[in-house]
1. Show the residues, 5+ positions off or on another chain, whose built amide H is closer than 5 Å to the amide H of B:Met134.
2. How big is chain A by the Kirkwood estimate over distinct Cα pairs, in Å?
3. Considering amide H positions built from the backbone, and no H for Pro or chain starts, which residues 5 or more places from B:Ile163, or on another chain, come under 5 Å of its amide H?
4. Please determine, in degrees from 0 to 90 and to the nearest 10, the orientation of helix B:71-83 with respect to the longest principal axis defined by the Cα atoms of chain B, where the helix direction is its Cα long axis.
5. How shielded is B:432-444 by partner chains, expressed as the average number of their Cβ atoms within 10 Å of its Cβ atoms?
6. Please give the helix B:202-214 orientation as an angle from the longest Cα principal axis of chain B, in degrees from 0 to 90, rounded to the nearest 10.
7. Provide Rg and Dmax in Å for the stretch A:208-282, with only Cα atoms included in the calculation.
8. What does the charge count near A:Phe77 come to, summing +1 for each Lys or Arg and -1 for each Asp or Glu among other residues with Cβ under 15 Å from its Cβ?
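What follows draws every value from the coordinates through simple rules; no lab data is involved. These numbers were taken from a predicted model, which means no experiment stands behind them. Virtual Cβ from ideal backbone geometry, glycine too; neighbours counted across all protein chains shown.
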Amino acid sequence: MKLRRNIYAKENMTGYLFILPQMLVFLLFLVYPIFEGIRLSMYRINYQSETFVGFDNYLTLFHDPVFFKALVNTVVFVVFIVILTVGFALFVASAIFDKNARYVSFIRGSYYIPVMVSMVVMSMVWSFLLNPANGLISYFARDMGLGAVNLLGNPKTVMPVIIFVTFATNVGQAIILYIAAMIGVPKDLFEAAEVDGASRWQVILKILIPSVKPTTVYITIINIIAVLKIFVVIQLLTGGGPNNASVTLMYYLYNNAFKYNQLGVASAVGVIMFVITLLLSVPQLKSMLQDK
Amino acid sequence: MNNKRLFTTMTALLLIVSLMAGCSGNNKAGNGAASSNAGKGGKEKVEITAWLTPQWKGVLNASEQGADYDSFLKYAAEKFAAQYDKYDASVKVEVIAGDQRDQLLNVNLSSNTPPDVFFESVFPMGDYVHRGAMVPLTDIVDDEAKKDIDQSFWDAVTFGDDIYFYPFQHNPGTLVYNADMFRAAGLEKFVGSENEIKTWTMDEYQQILDALKTNLPKDKYPNAYPMALYAVNNQGDTWNLAYLRTFGSPFFNNEGNIVLDDEKGAKAAAWLKKLYDGGYTNPGAESVSSNDANAMFQNQQLGISFTNPILFSNMKTNMENGTSPKFDVRLANIPSESGDPLSFTYVVGASVFQSGNAKKIEVAKDFVKFFSTDPELVKSSKNGIPVRSSVAEELKGENPLFAAYDANSKYLFNFTGNVPGYSQLREVLYPELQALYLGQKTPEQMVKDYQTNGNKVIEQNKAGSVIYNK
């Protein structure tokens, strides 16, 4: 008995040793920074010293209207981009997944190309197009007699434009995942539905969408996390403007950390973003784990 | 079986050890700390780093073979090392992008690896003095240098009682205009001579804008606008700060606080809004950058834009090279209600960061003194405007504009006020200008909010300033 326990312990030890490097990296580069971030959020940090200030940095945030603007904007981005991505990807994937393999590949490739292009490059291309002074869109608008068009300089249009740019760049990933999931749905379910005389719409609604639920949960979670961190497109297209109309939490964090050198306040924003991500992701993860 | 298990266990252990060794590597080496290794001639080897933002290409000028932004400092480093007898010194020169300066410096300061020497405009670097990150250079400035460089430049680099930057050259900000466009709009009488910085009154300026708006031949200058206006970010914001002084606002008071919220400040903001709404500027100022404006001017889409000697010389070089359309460009002052030109300058010079290593600081200070005083090297300051009267006098034949810039120097205002938190303060201005141009705030509200928010930033930074809390 004792011998067997020793053998098990030895075998487990090998396994633990194998995961140890990964665990060390995980602890060092993920867990430690989280705790360090929480600690820093309670300090006022100068070049020369750190002073414990309790929750002062959080109070500073709650008294700053730009922080609330960033919070609301980030939530708006998350809601719209995630809904658009999931909805559009479901629509495209369910429309083509059972078509000719070449056609599926073509559609998949077409939507995936923007995902492969760097967000920096995409943002710069959009910036050239949308520049109010010498951009292509403004040029055509002027030529068509629409006057000066400044989509990025108008607080009413800047958010929809950023939502569209981000959605157009990211949706390819979701389409690929959905098509793969839909191809994996057992064929006999569709055959049974055909025998029962179900319409295409009913097949999508009753069979396809429930069958790819784990994929939907996964896409939703990764998109929530990705959009919460939206930064590059803001930095390159609008700089958070006009008048902070498109500022996001990540951009606000960046400004505090690297432009204002308020590392404590920036850490507090990071902690709040971490909590929001947890709150948004836990229910989704829970439902995914329960299903399994 | 056992051998196999032993092999896998050993491999895993090896991986862990190598990983830990990698993580715990002595970063002092990366720090470039003065090592005790003996260098050339038995002297101790000391390696320092020098950063600069792009200023000018080449040692003396951009036409040299292989001219680049780091040519000057690299040449200065070689010359310095060859004659330096205290240590076996070497200088590693790196060019960093101007818009990444604060990010790179903050990250490197947090990890205690700042550059030893930084060559840059003084105005965005004042914050680092207030934060205690810089070493005073008062002891390396001698009387001869003090006599040769005008007091206004020493004032710009003095924080509290100490000098923190060694002035090398300066880049006065002015307006630039397309003289061909002026002539096409019937504005010959407002065109100054080639080597003049023309001063217009406010009335004349308005006449110019009116004529550029209505009289320009549309076939020759399609989609052209009278003047540049931009507020998407903090780039080129000094011209916006100058415009806000147009009606006589002193901007800062003696305590280093903003005092824009008065009749003069509101009038200047209202003037900007009137120009924007009246179609006298490029459209979409709230989302146009100074780079966009500069490109538009070079494409003859703007009659009047902003410039400094480096931008002006690059613009002329681009025209000569055929990389941008060639036209007659000339300089003008920013007008003001008083009739006196609004004049400001970016003093460019070297500073030394507090690395905590006495030997590196010593070498860095010696290096700064060397290239800021060496008779051959200081001639490179002609790429901007030399701060040294001796150099300006010697080279006035090469650049006749030196005299015109010199005549402007009595109108210079210190646009930073040397206040703590100036970098953060810059982030307060452009959102307010955006709100003004979008009509979200009245001119009165805009100057009031800018003053309130700006003074809040200054107060916060005063609390942490080593200069204010000595």
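1. The list, which skips near neighbours in sequence, is B:Gln354.
2. 22.7 Å
3. The list, which skips near neighbours in sequence, is B:Leu137, B:Thr138.
4. Between the helix axis and the principal axis of chain B, the angle is about 40 degrees.
5. 3
6. Taking Cα atoms only, the helix is inclined about 80 degrees.
7. Cα-based Rg and Dmax for the stretch A:208-282 come out at 15.3, 51 Å.
8. Local net charge: +2.
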